[in-house]
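Some notes on the structure that comes next.
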Amino acid sequence: MKRLMTIAALALGQAACVANQGDAPFRFLDARALTFEEGVGCVPSDELVLGSGSLDLSGSGNYLMAMSVETNNSTQPITINQEQFSGPGLNDITVSEFVYSYQFQPITAGVTVALPADEEDRVALYRVLRPGTNADQSYVFMNAFGPKMVEVLRSFPVGSVGTVFATIKARGRLSGGQTVESNKFTFPITVSASGASSCPPGQIPAGACQILGQDGSGCVDPT
């Protein structure tokens, strides 16, 4: 197993947490740090994981994550004439949506946010996870905020700072049709609004996957 190092953006003190790791058929574990590889694009790190994040909402309205994922189920056996078979696709988990809940902690005095109701914010997706999926080798890209929360954060006051605790789980179905859920994990993101919505002429976003404002990324000369 690869040894993972945890880094917390801006060393804020809040750390991501994962609940109910043992009883879910599929589980999200660490949030991997993102890097940009020439010719490949945005990829998650094999060694660095994040304990928290930061986002300048003037630069980007959402925070991109790559969560390590593993499955906790096994291939379903089929016995014919006392001989056991395991067909492809049996006991796959088809993930269909992310479900969000939020808490907000102001850092700037007097800042308030009208949060969506718990589990009201959802994002549809399609992803198949096979039995035996290993968290060291598998990950799922997702946004930290659903569409309702993105809309709320559009009006975040310029010059203000606060921390959004995004709690996320996924829902899906087994090959047999049974509904299943992942564990829940909570990832803290310190949000601010600088008022700088784009890079100066001739510059491009730096940092993780060229997303302006994520984890302190600013602008650089493209050369």
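Short version: ³J(HN,Hα) in whole Hz for each residue of the range 112-125, in order, from phi by Karplus 6.51 cos²θ - 1.76 cosθ + 1.60 (θ = phi - 60°), x for Gly and Pro, what are they?
10, 9, 7, 6, x, 5, 4, 6, 7, 8, 9, 9, 7, 7
So with the 1.4 Å probe, I'd like the accessible area per residue for the range 127-196, rounded to whole Å².
I get 42 Å² per residue for this part.
Calculate the tail of P(r) for the range 90-223: the fraction of all Cα-Cα distances greater than 23 Å, expressed in %.
So the portion of pairs separated by more than 23 Å is 48 percent.
Under the rule of at least 5 residues apart or a separate chain, name every residue whose amide H is placed under 5 Å from the amide H of R127.
Sorted by chain and number, the residues that satisfy this are V95.
Using the Cα atoms of the range 167-223 to build a convex hull, what is its mean projected area in square nanometres?
6.6 nm²
Take the alpha carbon atoms of the range 135-198, find their radius of gyration, then divide it by 2.2 N^0.38 Å using N residues; give the quotient. List each step's numbers first, then the result.
Numbers: Rg = 16.2 Å, N = 64, 2.2 N^0.38 = 10.7 Å.
In units of the 2.2 N^0.38 Å rule of thumb, it is 1.52.
Order 162-169, 214-221 from most to least packed using the mean count of other Cβ atoms within 10 Å.
Per-residue mean Cβ counts within 10 Å order the peptides as 162-169, 214-221.
Around F145, which amide H atoms from residues at least 5 apart in sequence, or from another chain, sit under 5 Å from its own amide H, with H modelled in the peptide plane?
It is Y63, by chain and number.
The values are calculated or read from the model by the stated rules, or taken from the named source; none is laboratory data. Since the model is a prediction, treat every value here as computed from it, not as a measurement. Cβ: placed from backbone, ideal geometry, glycine included. Neighbour counts: every protein chain shown. These area figures cover heavy atoms from the full protein model, side chains too; ligands, DNA and RNA do not enter into them. Shrake-Rupley method; radii C 1.70, N 1.55, O 1.52, S 1.80 Å.
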